[in-house]
Amino acid sequence: MKPSQEDKAALPVDEVYHTALETYFDVHRKSLENPEEFWNEHANIVEWYRKWDTVLDSSNPPFYRWFKNGRINLSYNCLDRNIKNHRRNKAAYIWIGEDGSEKIVTYHGLLKRVNSLASALKNLGIKKGDRIIIYLPMIIEAPVAMLAAARIGATFSFVFGGYGAGALSERINDSGAKLVITADGSYRGGKIVELKKVVDEALQSTSSVENTIVVKRTDSPVEMVEGRDMWYHELIRGGNVFVEPESMDSNDPLFILYTSGTTGKPKGVVHSNGGYAVWVANTLKWAFDPKEDDRWWCAADIGWVTGHSYIVFAPLLLGLTSILYEGSIVYPAPDRMWEIIDHYGINLLYTSPTAIRTLMKYGDAYTKNHDLSSLRVLGSVGEPINPSAWQWYYRNIGGGKCPIIDTYWQTETGGFVISPSAGLGLPPLKPGSGTFPMPGIDPVILDRNGKEVKPGEKGYFVIRKPWPGMFLTLHNDPERFRSTYFEKYNGGYYAGDYAIRDEDGYFWLLGRADEVLNVSGHRLGTIEIENALVSSSEIAEAAVFGRPDPVRGEVIVAFVVIKDGFSTDQEMGNRIKKRIRDSLGPIYVPQEIHFVRNLPKTRSGKIMRRVVKAVALNQLPGDISTLENSVSVDEVKDAIDTFSRETGTEGRKGAVPE
């Protein structure tokens, strides 16, 4: 969606952030003009056992290698380095259980936990280069497991705790993992998720796993296989040990994180030790400008790349105190997030547009019951944030004084690539725009023929030069790495997303280029229509897909969630359609608008549009094990069935027909 004049209007932020933008532009220019000198300096944000021979080895593109022959260990950098100074007794994590329980773990205490587990892993025969699977909920043992693996040089693959047995076994088999670390269960929305049972089922179709370590979290009854399974607390008992950190080459793999699309085999994105560490530490510093005494809350799941980069590695590398919250942000009540911010005095909040829209649905009363004045900077991650959600976040949560760091990045990029930079010179903010590239990022927007588009025109987002946080390869599939990401545009990194760069040079990311509808020969982005829908004062969330049509190719079908306090009727649907017609044009008007209470979402808050489409078209929805609430699938089906009965069509539910 091309940004409107209203969206493009810049908003003021707290005066402390009105830094001269010349600082940002000077840093960005230097990073591109002389990357060797720039990264020679900025790589010192972490400590190296041995400095590199070459900043960037470009001899075998696209398999770029950063800080060649440098030696490093991330567990050392996150922990040992910090206990040598004033951070020894500083809280590394404040963990909050869904039931309100709490643990405060200092840097010294975290190091002891990591050493104990690292010793246990070595005693089980895990060594440098071995792969392990981590399948844990949002508990302290999750970052401990990641850091213990990094300490001994094992490559870890964290599998999101909402995945089912099939997805888990697929990742075990592809990685060749020797060990799985899991828990008996986890708490989510007041219910127990039985993780160990999922692991047991997954291991029936794998052969590489020799041992399973089980954390006792819920006291759920589990089956322990003798000789294979062992309790975490028994393994680390009396473990007052020190494990010497393994000296890792900068380009040794740190972790494999599998990304899954709607079809095909998941891609195992491999990140390095050196370049990744330099990138995530610098980008968090540049974007959010964290202070020593800040409390940082990245409200993502640790199993996604957001959690890897900005719950675990970057905050610990910078010596921050992070909030680690176990449960749902709307349980036991929709003010859970605001309650935590109030109680713990959170200064920096980083969450998703989906979470923001979910909380908007409940109105402003919940936010007014809590003191949110401790907040200094807000952030957004995961998908483009629509301007109406941006405005609500800015005014209701930030009180009109907190800049919103609207970040664009991917699993493959390792960390932020487009983002405002509170630490370098914050630009005037435009609701919905990620503003400018991070230092070291050289982006361009191209048409399908590889020609740069004009300002204001939509095209494909491409990064022309390598950057330290970029992934090394795809595990077991280097050819797919090359062909998927680097062949389309003459060696540039093809992100697979649409974007616009406006007349002022601001970037507007528009979502996946493959999420496109073909309506009467017009290629329309689903995100454009969804943004127009949620700009309505009544609508909290929306999911759009194309239903095949013999005449028009596809017609637009929309499912929307109405905010509390509004009722659904024919007239509301007509008003919504009129607004879309007036703002985008008649070609964008949905043929059907269905009203539902909930949309199918993952536990991390992302709307599962493929599930909405499959259910609406009476198809099998595929794996729905990651759904937060399976009742939402029934709601979609009920809506469609109701619509079919009322209209006598094959379309369906609670909808407003054209």
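Hey, S421 hits all of (1) buried (at least 22 other Cβ atoms within 10 Å of the Cβ); (2) within 26 Å of I607 (Cβ to Cβ); (3) not hydrophobic (A, V, I, L, M, F, W, C) but one; which does it fall short on?
(2)
Which members of segment 414-446 meet the condition of being in contact with a Gly (Cβ under 6 Å, 6 or more places away or on another chain) and over 13 Å from S380 (Cβ atoms)?
G414, G415, I445, L446 - these are the residues of segment 414-446 that are in contact with a Gly (Cβ under 6 Å, 6 or more places away or on another chain) and over 13 Å from S380 (Cβ atoms).
Does A499 fit the bill of being under 23 Å from the mean Cα position of the chain (by Cα), within 29 Å of L359 (Cβ to Cβ), crowded, with 23+ Cβ neighbours inside 10 Å and touching a residue at least 12 places away in the same chain (Cβ under 8 Å)? Spell out how you get there, then give the answer.
Details: under 23 Å from the mean Cα position of the chain (by Cα): yes; within 29 Å of L359 (Cβ to Cβ): yes; crowded, with 23+ Cβ neighbours inside 10 Å: yes; touching a residue at least 12 places away in the same chain (Cβ under 8 Å): yes.
So A499 fits the description; yes.
Quick one: is R512 in contact with a Gly (Cβ under 9 Å, 6 or more places away or on another chain), in contact (Cβ under 8 Å) with a residue 24 or more places away in the chain and of a type in the set (K, R)?
no
Pick out the one residue from D252, D289 that is at positive phi and touching a residue at least 24 places away in the same chain (Cβ under 8 Å).
Among D252, D289, only D289 is at positive phi and touching a residue at least 24 places away in the same chain (Cβ under 8 Å).
Give just the number: which of (1) of a type outside the set (D, E); (2) at pLDDT 95 or above; (3) within 23 Å of P439 (Cα to Cα); (4) surrounded by fewer than 24 Cβ atoms within 10 Å (Cβ to Cβ) does H271 not satisfy?
(4)
If a residue counts only when it is buried (at least 24 other Cβ atoms within 10 Å of the Cβ) and in contact (Cβ under 8 Å) with a residue 12 or more places away in the chain, which strands (runs of 3 or more DSSP E) contained entirely in segment 120-195 have at least 2 such residues?
Details: elements: 131-135, 155-158, 179-183, 186-188, 191-193.
The strands (runs of 3 or more DSSP E) meeting that bar are 131-135, 155-158, 179-183.
Among A183, A165, which is the only one that is small (G, A, S), at pLDDT below 95 and in contact with a helix residue (DSSP H, G or I) (Cβ under 7 Å, 6 or more places away or on another chain)?
A165
Could you please find all residues in segment 76-114 being more than 13 Å from S322 (Cβ to Cβ), surrounded by fewer than 21 Cβ atoms within 10 Å (Cβ to Cβ) and within 25 Å of the chain's Cα centre (by Cα)?
G97, E98, D99, G100, E102
For L284, only one of the following conditions fails: (1) over 16 Å from the mean Cα position of the chain (by Cα); (2) part of a helix (DSSP H, G or I); (3) closer than 18 Å to P403 by Cα. What is its number?
Result: L284 fails condition (1) only.
Restricting to segment 477-513, count the residues that are in a loop (DSSP other than H, G, I, E, B) and either out of contact with any strand residue (DSSP E or B) (no Cβ under 8 Å at 6 or more places or on another chain) or under 26 Å from S175 (Cβ atoms) (or both).
8
Please state which of the following conditions R581 fails to meet, knowing it meets all the rest: (1) at pLDDT 85 or above; (2) surrounded by 14 or more Cβ atoms within 10 Å (Cβ to Cβ).
That leaves (1) as the condition not met.
Any idea which of V462, V444, V453 is of a type in the set (V, I, T) and surrounded by fewer than 17 Cβ atoms within 10 Å (Cβ to Cβ)?
Details: V462 fails: surrounded by fewer than 17 Cβ atoms within 10 Å (Cβ to Cβ); V444 fails: surrounded by fewer than 17 Cβ atoms within 10 Å (Cβ to Cβ).
Result: V453 is the single residue among V462, V444, V453 that is of a type in the set (V, I, T) and surrounded by fewer than 17 Cβ atoms within 10 Å (Cβ to Cβ).
Pull out all pairs, ordered by first then second residue, where Cβ-Cβ is under 6 Å, the residues are six or more apart or on different chains, the first lies in segment 388-405 and is closer than 20 Å to A532 by Cα, and the second is polar (S, T, N, Q) and in a loop (DSSP other than H, G, I, E, B).
Close Cβ pairs satisfying both conditions: S388/S535.
Checking A118 against (1) at pLDDT 95 or above; (2) more than 28 Å from the chain's Cα centre (by Cα), which test does it fail?
(2)
Could you check how many residues of segment 584-611 are outside any helix (DSSP H, G or I) and either aromatic (F, W, Y) or at pLDDT 80 or above (or both)?
Final tally of qualifying residues: 15.
I'm told P221 meets every condition in (1) in contact with a strand residue (DSSP E or B) (Cβ under 9 Å, 6 or more places away or on another chain); (2) surrounded by fewer than 23 Cβ atoms within 10 Å (Cβ to Cβ) except one. Can you identify the failing condition by its number?
That leaves (1) as the condition not met.
So, in segment 554-583, how many residues would count as being of a type in the set (F, W, Y) and assigned to a loop (DSSP other than H, G, I, E, B)?
Qualifying residue count, segment 554-583: 1.
Looking at V199, V222, V214, can you tell me which residue is hydrophobic (A, V, I, L, M, F, W, C) and in a helix (DSSP H, G or I)? First the steps, then the outcome.
Details: V222 fails: in a helix (DSSP H, G or I); V214 fails: in a helix (DSSP H, G or I).
On inspection, the qualifying residue turns out to be V199.
So, in segment 618-658, exactly how many residues are over 26 Å from G189 (Cα atoms), surrounded by 15 or more Cβ atoms within 10 Å (Cβ to Cβ) and at pLDDT 80 or above?
Number satisfying all stated conditions: 1.
Here is a yes/no grid of residues against (1) at pLDDT below 95; (2) among the β-branched types (V, I, T); (3) more than 29 Å from S309 (Cα to Cα):
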| site | (1), (2), (3) |
| --- | --- |
| T435 | no, yes, no |
| M438 | no, no, no |
| P443 | no, no, no |
| D447 | no, no, yes |
| E452 | no, no, yes |
| I463 | no, yes, no |
| P468 | no, no, no |
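Of a type outside the set (K, R), free of Cβ contacts under 8 Å to residues at least 40 places away in the same chain and either outside any strand (DSSP E or B) or in contact with an Asp or Glu (Cβ under 8 Å, 6 or more places away or on another chain) (or both): does that describe E530?
Considered against the rule, which asks whether it is of a type outside the set (K, R), free of Cβ contacts under 8 Å to residues at least 40 places away in the same chain and either outside any strand (DSSP E or B) or in contact with an Asp or Glu (Cβ under 8 Å, 6 or more places away or on another chain) (or both), E530 comes out as no.
Take the residues in segment 77-101 that are free of Cβ contacts under 8 Å to residues at least 40 places away in the same chain and basic (K, R); name whichever of them is nearest to Y344 (Cα to Cα).
R88
Might you check whether a residue that is among the aliphatic types (A, V, I, L, M), surrounded by 22 or more Cβ atoms within 10 Å (Cβ to Cβ) and within 29 Å of the chain's Cα centre (by Cα) occurs anywhere in segment 597-606?
yes
Among E22, E33, E41, which is the only one that is acidic (D, E), free of Cβ contacts under 8 Å to residues at least 24 places away in the same chain and either in contact with a strand residue (DSSP E or B) (Cβ under 9 Å, 6 or more places away or on another chain) or over 28 Å from K488 (Cβ atoms) (or both)?
So the residue among E22, E33, E41 that is acidic (D, E), free of Cβ contacts under 8 Å to residues at least 24 places away in the same chain and either in contact with a strand residue (DSSP E or B) (Cβ under 9 Å, 6 or more places away or on another chain) or over 28 Å from K488 (Cβ atoms) (or both) is E41.
With the condition being within 30 Å of Y394 (Cα to Cα), of a type outside the set (S, T, Y) and at pLDDT below 90, I'd like the helices (runs of 4 or more DSSP H) fully within segment 1-83 carrying at least 3 qualifying residues.
Those helices (runs of 4 or more DSSP H) span 5-8.
The values are calculated or read from the model by the stated rules, or taken from the named source; none is laboratory data. Note that the coordinates shown come from a computational prediction; the quantities given were computed from them, not determined experimentally. With ideal geometry, Cβ positions are generated from the backbone for all residues, glycine too; neighbour counts draw on all protein chains shown.
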